[in-house]
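I have placed the structure first, in the form of structure tokens, so that the comments after it can refer back to it.
The values are calculated or read from the model by the stated rules, or taken from the named source; none is laboratory data. Only a predicted model underlies this, so the values are computations on that prediction, with no experimental measurement involved. A quick note on method: Cβ atoms are made from the backbone with ideal geometry, for glycine too, and the neighbour counts reach across all protein chains shown. Protein only, heavy atoms only, side chains kept; ligands, DNA and RNA dropped before computing areas. Shrake-Rupley method; radii C 1.70, N 1.55, O 1.52, S 1.80 Å.
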Amino acid sequence: MSSPRKEHLGASSSEPLAVIVIGNGPSGICLSYLLSGYTPYVRPDAVHPHPLLQRKLTEAPGVSILDQDLDYLSEGLEGRCQSPVALLFDALLRPDTDFGGDLQSVLTWKQQKERAIPHMVLGRNLPGGAWHSIEGSMVTLSQGEWMGLPDLQVKDWMQKKRRGLRNSRATAGDIAHYYRDYVTKKGLGHNFVSGAVVTAVAWGTPEPSGSGAQAPSPLFQVTGVLTAKDQSQQPFSLWARNVVLATGTFDSPARLGVPGEALPFVHHELSALEAATRGGVVTPASDPVLIVGAGLSAADAVLYARHYNIPVIHAFRRPVDDPGLVFNQLPKMLYPEYHKVHQMMREQSILSPSPYEGYRSLPGHRLLLFKDDRQAVFRDPQGVEKVFGVSLVLVLIGSHPDLSFLPGAGADLAVDPNQPLSAKRNPVDVDPFTYQTTRQEGLYAMGPLAGDNFVRFVQGGALAVASSLLRKETRKPP
């Protein structure tokens with residue numbers, strides 16, 4: 001089979017591709033690797049520490065994992081993820097990592113080009129997706145090794161770059177570079193198109209070609225705009241038999257929905273603070289930067305501002321000891337900087353004035369509105385209104401997936417179609433062993449869209465999708 005080329009985007013094409021992947025982050029990269037003929041087999045000398053899984057792996061020697069029953073193999077596995085195939089692939093790649101072990105992967109990889117499925121990966125950014133939008137010095141939440149993709153360990157890549165992990169974690173800049181390098185080193189680049197913004201995906205079932213003919217599968221039309229390096233834009237229209245949604249959830253930051261939120265000094269991304277700091281718009285002598293939120297993005301913003309001695313007001317609705325706060329779920333030894341922020345949040349709520357110069361936390365405060373003269377109005381836990389002058393506002397309260405290119409913005413694809421789509425609370429409803437959406441044949445969703453929120457576990461979704469597509473596409477007549 002021939003692979004697709006970027007020239008497909010040069011003009012509208014009516015010849016359908018087997019697969020179009022929308023999103024070029026870790027999910028899309030891992031899927032492209034598997035669709036490019038890279039095939040996982042169990043090493044003949046491997047012994048998995050999980051006895052039940054080890055017994056199952058010995059039942060089909062020499063048979064690729066992609067060709068085995070993923071439901072059967074994943075049965076009985078437990079871990080930090082709800083997806084059975086994600087747990088399976090993670091257990092094969094990192095056999096005992098949750099127990100502090102460092103066992104080698106039980107998999108070996110063979111490139112079998114005859115198994116490759118033509119596909120195209122469309123992304124707004126360079127390969128790596130949203131990782132290129134994160135401030136480069138920020139360290140990853142997950143351990144550095146857990147950010148790796150199949151058959152290229154992060155620690156090996158970093159050693160060659162003469163880089164090292166920080167407290168077992170990598171910087172966002174290193175990981176973004178690693179993902180770009182991965183695409184190059186594995187020879188996947190011809191499948192990737194950067195600067196491609198998808199504006200619409202439509203589908204329908206073609207008419208049967210003759211009497212008694214089997215009803216054909218649906219075809220998808222993917223349209224959008226390709227932005228070149230010189231910023232010129234070119235529309236494109238492609239057809240595909242299958243579409244995989246791998247866009248992640250960082251496209252649409254969540255809003256408070258309060259008056260004044262659209263004022264120019266109110267932002268919803270950490271990059272705004274970085275730009276203001278570099279440009280001298282905010283300095284140690286400025287009014288405080290207001291950071292709204294009690295998650296890791298807000299903590300990253302606090303750490304960034306503190307690094308540059310920028311005064312901070314940190315407001316959040318929940319109590320500091322709320323068990324739902326992410327800080328109360330992270331091991332202190334692995335995440336000392338986040339626990340430092342949590343300590344600042346806690347001690348400020350007890351002690352006044354603050355023991356941390358230039359930092360003030362407002363637990364249990366609800367934002368009411370922003371004023372034109374850079375004032376933020378709150379209601380405190382006792383119902384008293386308070387007003388603070390600020391230089392800049394960062395509202396960092398999460399984000400939502402942007403599926404505006406789908407009919408109905410993809411709302412009917414969620415587990416509960418009557419509620420907003422949410423990676424954590426209401427993901428796309430998919431079959432757990434194929435990741436095909438339950439409401440549309442040929443449409444797949446993976447990564448955070450399907451509820452897999454860590455790079456370590458998105459790779460299981462890629463395994464499930466690739467296994468399903470291989471079965472489906474290899475049945476087609478040449």
Net length gained if the chain between ASP230 and ASP321 were fully extended (0.36 nm per residue, minus Cα distance): 27.7 nm
Cβ-derived FRET efficiency at R0 25 Å, ARG471 paired with GLN104, nearest 0.05: 0.30
Computed [θ] at 222 nm, helices only, for the chain once each DSSP H run of length n ≥ 4 contributes -39500 (n - 2.57): -7000 deg cm²/dmol
Within the accessible area of the chain (1.4 Å probe), percent carbon and sulfur: 51 percent
Residue-normalised accessible area of the range 237-348, expressed per residue, 1.4 Å probe, Å²: 44 Å²
Sequence-separation-based contact order of the chain, relative, with Cα cut under 8 Å and 6+ spacing, percent: 20 percent
Whichever lysines have a C-alpha closer than 27 Å to that of LYS386, once near sequence neighbours (fewer than 8 apart) are set aside: LYS340, LYS371
In Å, descending, principal axis extents of the Cα set of the chain: 76, 50, 43
